[in-house]
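Enquirer: Here you go, one structure.
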Amino acid sequence: MQNKYVIAFVCVFVLCFSAYAQDDKNEQKKDPYNLNAEDIVVETAIDTIPFDPLSPSKAAFYSAVLPGLGQAYNKKYWKIPIIYAALGTGIYFYIDNNKDYHRYRDAYKRRLAGFKDDEFYGVVTDDGLRNAQKQLNRNREISILAIIGVYALNIIDANVDAHLLQYNVDDNLSFEPYFKIEEYNAKSNMGLTLNFRF
């Protein structure tokens, strides 16, 4: 089923380019040097953001020092609450699993010492206490990995975002769909245009 969609997309894509190529051939048959005043385009100087090669490394360093500081450096303030919410969630689960792990471990130690007064006596067996300790320890480790992962993603996001802020996205480079209705025979032409002006 998916292959049909891929084949259909490729066919439409090829047809769009062939329609655009036909349009170019028709325009080439006309006199290419017969220009009107409307056809002449005068380019003006474009204001661009100055390129700072150290900006990505600064943003990554700031995020490594304090999570969210690199996003503030990039002026993407809306990402800071997301980072702290993710870090806070990981820390919350680590503390909760750690607390429960110590409860089950203390109860298991008391049973090994011969006491029968722990909070799980009569409800959870010795094997249940051991299995609960293994599961909670595993959950603690996953929480630590999640915290480290969010911290690393915070640094990577700040670095990549600083790179993309310096990316040139002005009108000199554009990729847009092209749709034109011929005035003579009322046929429509579709295609994609890639404009690169310098």
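The values are calculated or read from the model by the stated rules, or taken from the named source; none is laboratory data. Here the structure is a predicted model, which is why all the values come from computation and not from measurement. Cβ atoms come from the backbone with ideal geometry, glycine included; neighbour counts cover every protein chain shown. Quick note on the areas: whole protein, heavy atoms, side chains included, nothing else; ligands and nucleic acids left out. Shrake-Rupley method; radii C 1.70, N 1.55, O 1.52, S 1.80 Å.
Enquirer: Among the listed residues F93, F61, which satisfies the condition of being open to solvent by 80 Å² or more (accessible area, probe 1.4 Å), hydrophobic (A, V, I, L, M, F, W, C) and touching a Ser or Thr at 6+ places or on another chain (Cβ under 7 Å)? Break it down into steps so the answer makes sense when it comes.
Expert: Working: F61 fails: touching a Ser or Thr at 6+ places or on another chain (Cβ under 7 Å).
Answer to the check: F93.
Enquirer: Against the definition (modelled with pLDDT under 95, of a type in the set (S, T, Y) and either surrounded by fewer than 19 Cβ atoms within 10 Å (Cβ to Cβ) or under 34 Å from the mean Cα position of the chain (by Cα) (or both)), how does Y104 come out, yes or no? Full working, then the answer.
Expert: Values: modelled with pLDDT under 95: yes; of a type in the set (S, T, Y): yes; either surrounded by fewer than 19 Cβ atoms within 10 Å (Cβ to Cβ) or under 34 Å from the mean Cα position of the chain (by Cα) (or both): no.
In short, no.
Enquirer: Residue by residue through the range 65-85, note down the ones that are open to solvent by less than 40 Å² (accessible area, probe 1.4 Å), out of contact with any Gly (no Cβ under 8 Å at 6 or more places or on another chain) and either outside any helix (DSSP H, G or I) or in contact (Cβ under 8 Å) with a residue 12 or more places away in the chain (or both).
Expert: Selection gives P67, G68, G70, Q71, N74.
Enquirer: In the range 113-138, which residues are part of a helix (DSSP H, G or I) and either modelled with pLDDT under 90 or buried (at least 17 other Cβ atoms within 10 Å of the Cβ) (or both)?
Expert: Taking the range 113-138 first, the residues part of a helix (DSSP H, G or I) are 126-138.
Listed by number, the residues that qualify are D126, L129, A132, Q133, L136.
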